Amino acid sequence: MSGMISRLQRHGFQWEDGPLDVLLGRYQNCRAALRWWCNDYKTKNGNPSKFNIDWAPGMKEFMLRNPPKFPVSAACCDRAKKRPSHDFLAAGGFDLNCTGIRKQEGGQRSTTYKSCFDNGHGGIDNYRPLFWWSVQDKELYRKHYGIILSDCYEVWGMKRTGCAGCPMGKGFDEELELAKFFEPKRYRAMLAVFGRSYEYTWRFLEFREKHKIKPKKDEFQFEIWETGDKERISEILA
Ligand code: SF4
């Protein structure tokens with residue numbers, strides 16, 4: 001989502017509503033983001049795609065009334081995660097990339113993949129050895145080998161972790177509270193880096209509550225779309 005907002009901002013978008021063809025005439029070379037804004041993406045079966053703004057119910061109505069007054073960017077995921085891992089794989093002469101995704105962990109990444117293996121790009125295939133591990137399997141393994149988890153789980157009581165304080169995550173509110181208590185310096189850093197994103201998201205959530213708009217389950221999980229992985233996006237749209 002931030003990728004689409006960023007593109008619209010770069011094209012001087014006035015956060016206006018209107019038919020796609022009219023907006024395409026008004027804002028040149030901004031087709032992908034305008035299609036997102038106008039809910040023009042469909043799956044191959046003709047159903048509305050999750051890569052439309054309406055996948056986050058109320059977002060368009062909120063943005064029309066409250067255009068973002070700060071620059072939005074998707075560069076965080078792209079430059080902190082996606083590009084470094086692509087560059088590393090490309091430079092390393094690898095033919096297999098192993099990652100620890102489990103289907104039961106939920107979220108965009110796990111629902112995107114159908115099996116533990118697929119043929120990757122550029123001769124690097126993907127293998128996910130833990131893909132079929134259940135929560136019970138994981139727990140048995142942990143107990144058998146006496147593995148001590150991070151304090152985030154053992155002390156803070158978190159169920160799932162990611163980048164500290166990421167404003168794209170559903171649970172950032174709770175994470176902020178925990179960080180404030182356990183790691184106040186990290187808390188201040190989170191506010192310094194992501195403060196305006198938190199504030200905008202809080203206002204959006206308030207708006208939605210006020211208008212009794214119900215959220216969708218996976219509406220904030222847009223990482224693949226943000227980073228422009230075209231092959232992966234086509235698989236999802238299929
Ligand atoms: S998950 Fe969030 S904090 Fe982590 S790189 Fe992506 S946008 Fe940044």
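Since every read-out is calculated from the coordinates, none of them should be taken as a lab result. Remember, it's a predicted structure, so these values are computed and weren't measured experimentally. Virtual Cβ from ideal backbone geometry, glycine too; neighbours counted across all protein chains shown.
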What's the number of the condition residue 198 fails, among (1) more than 13 Å from the ligand (Cβ to nearest atom); (2) surrounded by 14 or more Cβ atoms within 10 Å (Cβ to Cβ)?
(1)
Considering only the range 60-74, state which residues are loosely packed, with under 14 Cβ neighbours inside 10 Å and either of a type in the set (Asp, Glu) or out of contact with any helix residue (DSSP H, G or I) (no Cβ under 6 Å at 6 or more places or on another chain) (or both).
64, 65, 66, 69, 71
Can you tell me which condition residue 58 does not meet? The list is (1) closer than 30 Å to residue 131 by Cα; (2) among the small types (Gly, Ala, Ser); (3) more than 16 Å from the ligand (Cβ to nearest atom), and all the others hold.
(1)
Any idea which residue in the range 119-166 is farthest from residue 200 (Cα to Cα), counting only those that are within 16 Å of the ligand (Cβ to nearest atom) and not aliphatic (A, V, I, L, M)?
152
Is there any pair linking a residue in the range 128-142 that is without any contact (Cβ under 8 Å) to a residue 60 or more places away in the chain to one that is small (Gly, Ala, Ser) and assigned to a loop (DSSP other than H, G, I, E, B), with Cβ under 8 Å and at least six apart or on different chains, and which?
128/100; 129/100; 130/100; 131/115
Which number in (1) farther than 28 Å from residue 3 by Cα; (2) part of a loop (DSSP other than H, G, I, E, B); (3) not polar (S, T, N, Q) marks the one condition that residue 169 misses?
(1)
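Do we find a residue being touching a Cys at 6+ places or on another chain (Cβ under 7 Å) and closer than 19 Å to residue 67 by Cβ anywhere in the range 33-42? Before you say what the answer is, go through the steps one by one.
Within the range 33-42, the subset touching a Cys at 6+ places or on another chain (Cβ under 7 Å) is none.
There is no residue in the range 33-42 that is touching a Cys at 6+ places or on another chain (Cβ under 7 Å) and closer than 19 Å to residue 67 by Cβ.
Consider the range 167-185. How many of its residues are within 13 Å of the ligand (Cβ to nearest atom) and without any contact (Cβ under 8 Å) to a residue 40 or more places away in the chain? Lay out the reasoning, then the answer.
Looking only at the range 167-185, we keep the residues that are within 13 Å of the ligand (Cβ to nearest atom), and these are 167-172, 175.
Checking which are without any contact (Cβ under 8 Å) to a residue 40 or more places away in the chain leaves us with 167, 171-172, 175.
Total satisfying the criteria: 4.
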Kindly provide the set of residues from the range 44-53 that are within 15 Å of residue 32 (Cα to Cα) and not aromatic (Phe, Trp, Tyr), ordered by number.
49, 50, 52, 53
Say we look at the range 4-16 and pick out the residues that are in contact (Cβ under 8 Å) with a residue 60 or more places away in the chain and surrounded by fewer than 21 Cβ atoms within 10 Å (Cβ to Cβ); which of these is farthest from the ligand (Cβ to nearest atom)?
9
Which residues, counting only those in the range 81-104, are under 20 Å from residue 170 (Cα atoms) and within 15 Å of the ligand (Cβ to nearest atom)?
81, 101
Just to be sure I understand, how many residues within the range 85-108 are free of Cβ contacts under 8 Å to residues at least 24 places away in the same chain and among the hydroxyl-bearing types (Ser, Thr, Tyr)?
1
Would the range 23-39 turn up any residue that is surrounded by fewer than 19 Cβ atoms within 10 Å (Cβ to Cβ), touching a helix residue (DSSP H, G or I) at 6+ places or on another chain (Cβ under 6 Å) and in contact (Cβ under 8 Å) with a residue 12 or more places away in the chain?
yes
Restricting attention to the range 37-47, which residues are of a type outside the set (Gly, Ala, Ser) and in a loop (DSSP other than H, G, I, E, B)?
38, 39, 40, 41, 43, 44, 45, 47
Sole miss for residue 111 among (1) in contact (Cβ under 8 Å) with a residue 24 or more places away in the chain; (2) within 15 Å of the ligand (Cβ to nearest atom); (3) out of contact with any Cys (no Cβ under 8 Å at 6 or more places or on another chain) is condition (2)
